[in-house]
Amino acid sequence: MRKPIIILAWHIQSTFGFSSIPSSDIKIVGLPGGKIEYLPAMYVESFQRWIVEDNNDEECKDKLKLQPILGAGLRNDEGWVNPTTTDKLWWPADISTLQTRPMLNVLFKNGILSYVSMGLDVRVPYVDENGAKSTWRNYGLNSQPIARIWTTLDIAMEKLFHVEGFIVQHQKEGDELKHEELFEPIYASRSIEEVANLFAGEVDEPSLAKGFHIVSFPMSKYYLDLPTSKLGNDESNAYKIVCFATSEPFASKLLELDEGILEMSGTSVLEVQVERTGGGGKSEYLPEVYRRLYL
């Protein structure tokens with residue numbers, strides 16, 4: 001069993017603390033020999049994306065149901081923009097509520113499970129004029145974040161592998177890091193079982209055997225409202241969402257670690273700046289598919 005890297009970090013921790021890498025490329029850690037691989041973010045944003053949903057079909061209730069994230073990938077689905085993002089989460093001014101829940105993301109390359117990462121399912125809860133409820137995941141650009149650091153299946157199968165999420169306040173140089181819990185720790189063992197079911201063919205959707213696919217497995221059934229009180233036009237009111245998929249205990253301590261030490265732990269990191277943007281309904285270039293949400 002690997003010893004927690006955080007114990008080592010207490011002795012050699014950098015004074016710079018947790019910070020983003022300048023590049024938007026995806027890092028892959030947890031590889032043999034401490035090797036790190038890179039994938040261009042623009043390349044990853046072309047991958048098709050799916051979310052595992054409850055299957056209400058009685059004939060196929062034992063199979064996983066995959067719901068596509070419209071617009072994610074190379075296909076142009078009736079005017080949908082690509083919502084995938086690695087560094088920012090946009091919140092249009094005319095959307096009152098954004099909700100999220102933790103996910104475990106798995107990358108399939110030509111049907112082979114390649115890497116695992118922290119994920120978030122972000123949605124706009126929508127009620128139409130008739131009172132019917134629906135979910136908008138792709139509500140525009142930069143609306144569906146993915147991790148900037150991915151890890152391996154070997155790391156994800158460790159007994160202590162879990163996810164944790166935090167809201168981190170904007171800080172000036174020298175200020176103490178301020179954060180609060182976004183969601184409680186959730187162990188990944190159940191989601192790993194669902195990944196195994198997907199491998200066993202228990203899926204009620206088209207084959208994932210060709211191309212690159214990111215499949216998101218819910219770690220919770222419950223959505224959380226993202227806070228609006230911390231948002232504003234002043235950068236000092238901004239905040240980040242930082243989430244970890246890790247085998248390290250005390251994940252909040254990871255927020256204080258230097259990037260290099262974080263890589264040694266094999267931890268997957270999702271980090272996005274939440275940014276308030278102009279109202280989608282005011283855009284003269286609003287695609288037709290979004291008019292029902294914004295107008």
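Data table
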{"quantity": "Residues of region 257-293 satisfying the condition of being under 18 Å from the mean Cα position of the chain (by Cα) and open to solvent by 50 Å² or more (accessible area, probe 1.4 Å)", "calculated": "E275"}
{"quantity": "Number of the exception - L198 against (1) open to solvent by 10 Å² or more (accessible area, probe 1.4 Å); (2) in contact (Cβ under 8 Å) with a residue 40 or more places away in the chain; (3) within 27 Å of K88 (Cβ to Cβ)", "calculated": "(3)"}
{"quantity": "Condition broken by N142, with the remaining ones in (1) out of contact with any Phe, Trp or Tyr (no Cβ under 8 Å at 6 or more places or on another chain); (2) on the phi > 0 side of the Ramachandran plot; (3) buried (at least 20 other Cβ atoms within 10 Å of the Cβ) satisfied", "calculated": "(1)"}
{"quantity": "Out of G131, G211, G174, sole residue that is of a type in the set (G, A, S), under 19 Å from Y239 (Cβ atoms) and modelled with pLDDT under 95", "calculated": "G174"}
{"quantity": "Residue ID - nearest to G79 (Cα to Cα), chosen from residues in region 120-151 that are hydrophobic (A, V, I, L, M, F, W, C) and out of contact with any helix residue (DSSP H, G or I) (no Cβ under 8 Å at 6 or more places or on another chain)", "calculated": "L141"}
{"quantity": "Matching residues in region 123-139 - criterion: being outside any loop (DSSP other than H, G, I, E, B) and either of a type in the set (A, V, I, L, M, F, W, C) or surrounded by fewer than 19 Cβ atoms within 10 Å (Cβ to Cβ) (or both)", "calculated": "V124, P125, Y126, V127, K133, S134, T135, W136"}
{"quantity": "Every residue from region 214-233 that is modelled with pLDDT of 80 or more and either part of a strand (DSSP E or B) or of a type in the set (K, R) (or both)", "calculated": "I214, V215, S216, F217, P218, K221, L224, D225"}
{"quantity": "Selection count, region 260-295, where residues are within 20 Å of Q144 (Cβ to Cβ), touching a strand residue (DSSP E or B) at 6+ places or on another chain (Cβ under 6 Å) and of a type outside the set (V, I, T)", "calculated": "9"}
{"quantity": "Residue in region 247-261 that is in a strand (DSSP E or B), out of contact with any Ser or Thr (no Cβ under 9 Å at 6 or more places or on another chain) and in contact (Cβ under 8 Å) with a residue 40 or more places away in the chain present", "calculated": "no"}
{"quantity": "Qualifying positions in region 185-208 - outside any helix (DSSP H, G or I) and either touching a Ser or Thr at 6+ places or on another chain (Cβ under 7 Å) or modelled with pLDDT under 95 (or both)", "calculated": "I186, A200, G201, E202, V203, D204, E205, P206, S207, L208"}
{"quantity": "Tally of residues being assigned to a strand (DSSP E or B) and surrounded by fewer than 20 Cβ atoms within 10 Å (Cβ to Cβ) across region 102-122", "calculated": "4"}
{"quantity": "Checklist (1) assigned to a loop (DSSP other than H, G, I, E, B); (2) open to solvent by 60 Å² or more (accessible area, probe 1.4 Å); (3) at pLDDT below 90 applied to Y43, failing item", "calculated": "(1)"}
{"quantity": "Residue satisfying all of: in region 90-100; of a type outside the set (D, E) and in contact with a Lys or Arg (Cβ under 9 Å, 6 or more places away or on another chain); farthest from I146 (Cα to Cα) among these", "calculated": "A93"}
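The values are calculated or read from the model by the stated rules, or taken from the named source; none is laboratory data. Just so it is clear, the structure is predicted and the values come from calculations on it, not from any experiment. Neighbour counts are summed over all protein chains in view; Cβ atoms, including those assigned to glycine, are modelled from backbone coordinates with ideal geometry. Surface areas here come from the heavy atoms of the whole protein model, side chains and all, with no ligands, DNA or RNA. Shrake-Rupley method; radii C 1.70, N 1.55, O 1.52, S 1.80 Å.
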